[in-house]
Structures are given as C-alpha cells and as structure tokens.
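The values are calculated or read from the model by the stated rules, or taken from the named source; none is laboratory data. Not measured: the values here are computed from a predicted model. Note: ideal-geometry Cβ built from the backbone for every residue, glycine included; neighbour counts use all protein chains shown.
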Amino acid sequence: MKFIRVLRHYFLPHESNNQKAKILHPDSLFVMAIGLIGFQLILSLAGNSFPKVLGYAANISPEEVIRLTNVKRAENGLAPLAQNSTLSQAALAKGNDMLSKGYWAHFAPDGTSPWTFFLNFGYKYKYAGENLARDFSDASSAVNAWMNSPTHRENILNANYQDIGIGVVEGNLLGADTTIIVQFFGAQLAGNVSNVPEAKAKAPTTTSVPKPAPQVVSTPSPSPTPVVTPSPTPTPQQPITDSGSSVAFVSPFTSTKGISLLVTGLLIMILSIDLIVVKRNRIVRIGGKNIAHIAFLGMILAVILILKAGQII
C-alpha cells in the first residue's frame, strides 16, 4: 500500500501533492535537470579516466564499405571501383596519422595533405579523392551519411575514379575512443605500375647465357612467386576492426540519447495522465497548460529520435 501511495504521489494529481503530480513540481524538475547535467559530466570524466569503457566501437570491414560504395555507384549507372591494396595501405596510414597526431581533418596540422599518403605508397594518381567518417557503428550508416552529403556523394559517384582503398582504425582521438573510416579514391597515371615488368626483365637476361645456363634458369623461376605474395597486404586491417574490446564499449551518444528519451517520454506520459485526471475530476488549476507542455516535449522527443551518431568530413 505504501508503494502505491508513493506512486500516486509522484505520478498522479492528489491531495498529497496539491492536485499535481509531484514529478511535475518545479523542485522535482530542477532535480531531474541537475541529474541529466551530472550524467553528462560523469560520461565526459569517465571517458577520460576509462577510455577502454566509453567510446564508439564498431565492427566495420573495409570490404563491406567497398561493397556498399559500389552498390551506390551501380544504382547510378556507374562502373564499380576496384579494391587497390596500395590505396588501402595509404588509407590505413592516414587513419593512424590522425590518431598519432590528434587531428580530425583532411589536412594534418603540419600541412600534410591526403595526397601525400598516395605518393608515399607509390600510387601516382591522375584523379584522387578522400572521404572521412568516425563514430559510426556499421558500414551502412557511414556510407548513407556520405551519400546524404553533396560533396561526399560527388566523390562516391565520380566517374573518373577507378580504384578504391579503405582504412579502418580504432583508437583514442582527442580524448575519446573512436572508429575512423578513411575512404581513398583514385585513378592511376598511365604506366604507374612499372615495378612488375622489371622483375620479369631479369629472366631474359639470364637466358642469354651459353648452353650450361638452361639448368640455372629453372632455379630463378620460383623468384616471381614471392613478389606476388605481398599483394594481400590489406589483411592487417581486419584485426584492427575486429578487436575484442569492441564488446566492452559503451557509446556516450547512445547512453545520452537513451536517458533523454526515457525522461522526455516519462514527462509526456505524466502530463497526459495529469491532463485526463484534471479534466475528469474538474480540478481548477491556475497556470496548468499541459497541452502546450506536451507539444513542446513532443518536439524535443522528435529531435532526439532523429539524432544519429557519427561525423563525416
């Protein structure tokens, strides 16, 4: 019975609360506001003290980002982009560079441009582009966010590009753990890949030796195979994205959104009940504009529902 009385006191108009739910009194609303502010402060402090607990964890594979990108291109009548291991290494290096230097931008604080990473890994480009995303939990939401931005969409749907490379890195950026997606686009200059023919050119020179040489030719023949094996270098990206710590993460955005939805929904429900009880019991109240309050909270609720995590540049 006592529990029922407490519920009635806090959630229903009654004599004990001056015919107005206690939770709608100014002092109760003030306590709730202080509680929300305190919750935000705890999240920010905990993010700095326990970076392995609070942050954005994701299980995003580069292959899925490429697949979804090519789906968007196909929907717009464009040819698919080919996954390029050199671009993937360059994109991974760009992501690690942002984490190590602590910046979230296309250009590093020291002036290093995205195109520097292209050239550092030997990708001589005719056309090049970059999309960046962070704090997304899956590849689909990141690609959709890019498609909803005119400039990022232009990169994805650029007919000049032929290759794509994706780098996905996880780490602490500016005090918060996050997942960064680097999307590199490019089209190579003609004759860019000249390294492979050079390896083959050595074979003819050894063939021009006198007759004892044919037996020696058979031994160098395995040498091209080691040259081919380094090509699957993008595989190091996979362990980075599948880090086991992703399960332990608590997203600050999701936590704040959940608490805000709970509080706003609770207030709308109590105001609606209060409106019904007051009308049914014909209680006279000064300054009780529940409909206006419900409409206002409804707008806030709609904004909270629309909000999504993630940033793109």
Residue under evaluation TYR123, criteria (1) in a strand (DSSP E or B); (2) touching a Ser or Thr at 6+ places or on another chain (Cβ under 7 Å), criterion not met:
(1)
Within the range 304-313, take every residue that is among the hydrophobic types (A, V, I, L, M, F, W, C) and at pLDDT below 85 and give me the one that is nearest to GLY129 (Cα to Cα).
ALA309
From the option list LEU92, LEU87, LEU78, single residue qualifying as modelled with pLDDT of 95 or more, within 23 Å of GLY167 (Cβ to Cβ), out of contact with any Lys or Arg (no Cβ under 8 Å at 6 or more places or on another chain) and surrounded by fewer than 19 Cβ atoms within 10 Å (Cβ to Cβ) is LEU78
Exactly one of (1) modelled with pLDDT of 85 or more; (2) in contact with a Lys or Arg (Cβ under 9 Å, 6 or more places away or on another chain) is unmet by ASN172. Its number?
(2)
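Tell me the residue from LEU301, LEU275, LEU266 that is in a helix (DSSP H, G or I), modelled with pLDDT of 65 or more and under 28 Å from ASN148 (Cα atoms), please.
Numbers: LEU275 fails: under 28 Å from ASN148 (Cα atoms); LEU266 fails: under 28 Å from ASN148 (Cα atoms).
Only one candidate passes the filter, namely LEU301.
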List every residue pair whose Cβ atoms sit under 7 Å apart, with the two residues 6 or more apart in sequence or on different chains, where the first one lies in the range 13-34 and is of a type in the set (Gly, Ala, Ser) and the second, anywhere, is assigned to a helix (DSSP H, G or I).
SER16/HIS9; ALA21/TYR10; ALA21/PHE11; ALA21/ILE270; ALA21/ASP274; SER28/LYS22
If you scan the range 139-154, which residues turn out to be in contact (Cβ under 8 Å) with a residue 12 or more places away in the chain, in contact with a helix residue (DSSP H, G or I) (Cβ under 8 Å, 6 or more places away or on another chain) and of a type outside the set (A, V, I, L, M)?
SER140, TRP146, HIS152
For PHE107, all conditions in the list (1) surrounded by fewer than 22 Cβ atoms within 10 Å (Cβ to Cβ); (2) assigned to a helix (DSSP H, G or I); (3) not acidic (Asp, Glu) hold save one; what is the number of the exception?
(2)
Since GLY129 meets every condition but one in (1) modelled with pLDDT of 95 or more; (2) more than 14 Å from ILE166 (Cβ to Cβ); (3) outside any helix (DSSP H, G or I), which condition does it not meet?
(2)
Could you tell me whether the range 136-152 includes any residue that is crowded, with 24+ Cβ neighbours inside 10 Å and farther than 19 Å from HIS106 by Cβ?
yes
